[in-house]
Amino acid sequence: MLPALALILQAKGCAVAGSDRALDQRPTSQEIRVPAARGIALYPQDGSGINRIPIIIVVTSAAIESTVPDVEAARRLSTQG
């Protein structure tokens with residue numbers, strides 16, 4: 001399900017994107033189709049999407065390990081600026 005925070009930020013005009021660790025395994029699932037229908041880009045959870053948009057905030061949950069490539073990429077970028 002699409003996080004409410006993503007919908008709120010998008011409604012306020014923010015660019016919103018996300019990632020999914022199983023993006024390639026289930027490209028037609030509801031978890032992939034719903035964000036796409038709302039104009040939210042999804043990327044594989046390999047860190048590649050972190051460089052594709054201007055990052056202001058990266059939001060994770062307790063279910064996302066600190067070793068996930070997206071989290072590691074965001075940390076690297078935050079120490080460069």
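The values are calculated or read from the model by the stated rules, or taken from the named source; none is laboratory data. Just so it is clear, the model here is predicted, and its values are computed rather than measured. With ideal geometry, Cβ positions are generated from the backbone for all residues, glycine too; neighbour counts draw on all protein chains shown.
Within segment 4-33, the residues that satisfy the criterion of being surrounded by 14 or more Cβ atoms within 10 Å (Cβ to Cβ) and either modelled with pLDDT under 85 or touching a helix residue (DSSP H, G or I) at 6+ places or on another chain (Cβ under 8 Å) (or both) are Ala6, Val16, Ala17, Gly18, Ser19, Asp20, Leu23, Glu31, Ile32.
Which of the residues spanning segment 60-73 are surrounded by 11 or more Cβ atoms within 10 Å (Cβ to Cβ) and at pLDDT below 90?
Initially, segment 60-73 is screened for residues surrounded by 11 or more Cβ atoms within 10 Å (Cβ to Cβ), giving 60, 64, 68-73.
If the condition is that a residue be surrounded by 11 or more Cβ atoms within 10 Å (Cβ to Cβ) and at pLDDT below 90, then Thr60, Ile64 are the ones that fit.
Among the residues of segment 45-69, just one is in a helix (DSSP H, G or I) and touching a helix residue (DSSP H, G or I) at 6+ places or on another chain (Cβ under 6 Å), namely Ile50.
Filter segment 34-43 down to the residues that are touching a helix residue (DSSP H, G or I) at 6+ places or on another chain (Cβ under 8 Å) and not hydroxyl-bearing (Ser, Thr, Tyr) and list them by number. Can you show your working first?
Going residue by residue through segment 34-43, those that are touching a helix residue (DSSP H, G or I) at 6+ places or on another chain (Cβ under 8 Å) are 35, 38-43.
Pro35, Arg38, Gly39, Ile40, Ala41, Leu42 - these are the residues of segment 34-43 that are touching a helix residue (DSSP H, G or I) at 6+ places or on another chain (Cβ under 8 Å) and not hydroxyl-bearing (Ser, Thr, Tyr).
Taking residues in segment 1-28 that are part of a strand (DSSP E or B), and partners anywhere that are among the aliphatic types (A, V, I, L, M), the pairs with Cβ atoms closer than 6 Å and at least 6 places apart or on different chains are Ala17/Ala41; Ala17/Ile53; Gly18/Leu42; Asp20/Leu42.
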